[in-house]
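A.B. asks: This is the structure, below, for whatever I ask next.
The values are calculated or read from the model by the stated rules, or taken from the named source; none is laboratory data. Given the structure is predicted, the values throughout are model-derived calculations rather than measurements. Neighbour counts are summed over all protein chains in view; Cβ atoms, including those assigned to glycine, are modelled from backbone coordinates with ideal geometry.
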């Protein structure tokens, strides 16, 4: 059985998908882009955009009763691989110990012309 997770503390889905889905003690978070859920604005620059993405991911985790420590896998999509280092610096502030497995890719385009999108999978700690 799956449970749909939704919070107003992260941007609403902009298509036919859920912010996150929980099933069998696992949480699958859709790719989060750096949209401020309160204003709908996208901040300038990779550092500010990654900070907003991480805030959105954390809000969804918390809504579902998880924490960043429960994240086991992320996928980071970048509009330019040159942004990898500054994205990584911000990312490391959320995953300070025992970071999750991760893949990072440069892609041609991201929704709304943003610089970064990150999806995550979390597993409930016992």
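A.B. asks: Which condition breaks for residue 74 when tested against (1) without any contact (Cβ under 8 Å) to a residue 60 or more places away in the chain; (2) surrounded by fewer than 21 Cβ atoms within 10 Å (Cβ to Cβ)?
C.D. replies: For residue 74, the failing item is (2).
A.B. asks: Consider residue 96 against the criteria (1) more than 13 Å from the chain's Cα centre (by Cα); (2) at pLDDT 95 or above; (3) not in a helix (DSSP H, G or I): it satisfies all of them except one. Which criterion is unmet?
C.D. replies: For residue 96, the failing item is (2).
A.B. asks: Ok, one more. Inside segment 9-21, can you point out the residues that are surrounded by fewer than 17 Cβ atoms within 10 Å (Cβ to Cβ) and within 18 Å of residue 124 (Cα to Cα)?
C.D. replies: First, the residues of segment 9-21 that are surrounded by fewer than 17 Cβ atoms within 10 Å (Cβ to Cβ): 9, 12-18, 21.
Of everything in segment 9-21, just one residue is surrounded by fewer than 17 Cβ atoms within 10 Å (Cβ to Cβ) and within 18 Å of residue 124 (Cα to Cα), namely 21.
A.B. asks: In this structure, is residue 29 touching a strand residue (DSSP E or B) at 6+ places or on another chain (Cβ under 6 Å), part of a helix (DSSP H, G or I), within 17 Å of residue 120 (Cα to Cα) and touching a residue at least 24 places away in the same chain (Cβ under 8 Å)?
C.D. replies: Working: touching a strand residue (DSSP E or B) at 6+ places or on another chain (Cβ under 6 Å): yes; part of a helix (DSSP H, G or I): no; within 17 Å of residue 120 (Cα to Cα): yes; touching a residue at least 24 places away in the same chain (Cβ under 8 Å): yes.
Here the answer is no, as residue 29 does not meet what is asked.
A.B. asks: Is it the case that some residue within segment 34-46 is assigned to a loop (DSSP other than H, G, I, E, B), under 12 Å from the mean Cα position of the chain (by Cα) and crowded, with 17+ Cβ neighbours inside 10 Å? Even if it seems obvious, please write down each step before you answer.
C.D. replies: Our first condition is that a residue be assigned to a loop (DSSP other than H, G, I, E, B); within segment 34-46, this holds for 34-45.
If we keep only those that are under 12 Å from the mean Cα position of the chain (by Cα) as well, we get 34-35.
Narrowing the set further to residues that are crowded, with 17+ Cβ neighbours inside 10 Å leaves 34-35.
Yes, segment 34-46 contains at least one residue that is assigned to a loop (DSSP other than H, G, I, E, B), under 12 Å from the mean Cα position of the chain (by Cα) and crowded, with 17+ Cβ neighbours inside 10 Å.
A.B. asks: Same structure, new question: Considering only segment 59-83, state which residues are assigned to a loop (DSSP other than H, G, I, E, B) and over 13 Å from the mean Cα position of the chain (by Cα).
C.D. replies: 64, 65, 66, 79, 80
A.B. asks: Taking the options 24, 98, name whichever one is surrounded by fewer than 19 Cβ atoms within 10 Å (Cβ to Cβ), over 15 Å from residue 10 (Cβ atoms) and free of Cβ contacts under 8 Å to residues at least 24 places away in the same chain.
C.D. replies: 24
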